[in-house]
Amino acid sequence: MLEEATFDLGNRMIKVLMRSIAHDSRKHAEIFEALVELIRGESAPLTEEEYEKLEGTIKKHIEIESEMIKTITNLLEKLEKKRIAYILKYILDDEKRHHALLKGLQEVISKREVVTEFDWLDMAWKDVPFFF
């Protein structure tokens with residue numbers, strides 16, 4: 001729906017932001033599907049080859065995320081335009097969440113642990129602030 005609403009928009013920033021939200025919505029749906037599989041015990045364990053492939057990829061992406069966090073933080077310190085700062089903070093928040101999740105995945109993969117349902121949920125949600 002969001003992508004359809006932005007198809008013929010001339011404003012690229014609004015179009016990109018709306019498509020980003022649509023992408024996140026699809027991503028959330030996939031995460032929920034994977035959680036259902038996990039809860040039902042249908043989640044397949046990783047093979048040794050998969051562990052090895054993921055180790056290098058995750059390590060490299062953690063380095064990239066770390067650099068992005070530093071770069072965006074530096075930009076925000078120098079930036080005076082609030083509209084641009086708002087978008088950069090949005091990206092920075094995403095990068096921080098990705099970084100935290102990747103660090104958790106890296107820990108699990110490096111230990112070759114069997115990950116329980118609680119472990120996955122804890123990894124995904126431990127850094128999310130909840131207000132009750």
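The values are calculated or read from the model by the stated rules, or taken from the named source; none is laboratory data. Keep in mind that this is a model prediction, so the values were computed, not measured. Methodologically, a virtual Cβ is constructed for each residue, glycine included, from the backbone with ideal geometry; neighbour enumeration extends over all protein chains shown.
Remarks
One line per residue, one yes/no per condition, for (1) modelled with pLDDT of 90 or more; (2) among the aliphatic types (A, V, I, L, M):
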position: 72; (1), (2): yes, yes
position: 75; (1), (2): yes, yes
position: 82; (1), (2): no, no
position: 88; (1), (2): yes, yes
position: 92; (1), (2): yes, yes
position: 100; (1), (2): yes, yes
position: 106; (1), (2): no, no
position: 114; (1), (2): no, yes
position: 127; (1), (2): no, no
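- The range 28-46, residues that are over 17 Å from residue 101 (Cβ atoms), part of a helix (DSSP H, G or I) and touching a residue at least 60 places away in the same chain (Cβ under 8 Å): 39
- Checking residue 79 against (1) without any contact (Cβ under 8 Å) to a residue 12 or more places away in the chain; (2) surrounded by 10 or more Cβ atoms within 10 Å (Cβ to Cβ); (3) farther than 30 Å from residue 14 by Cβ, the condition it does not meet: (3)
- Of all residues in the range 49-76, those that are surrounded by fewer than 13 Cβ atoms within 10 Å (Cβ to Cβ) and touching a residue at least 60 places away in the same chain (Cβ under 8 Å) total 0.
- Inspection of the range 100-116 finds a residue satisfying the criterion of being part of a loop (DSSP other than H, G, I, E, B), more than 16 Å from the chain's Cα centre (by Cα) and surrounded by 12 or more Cβ atoms within 10 Å (Cβ to Cβ).
- Unmet requirement for residue 45, which otherwise passes all of (1) over 18 Å from residue 87 (Cα atoms); (2) of a type outside the set (Lys, Arg); (3) surrounded by 10 or more Cβ atoms within 10 Å (Cβ to Cβ): (3)
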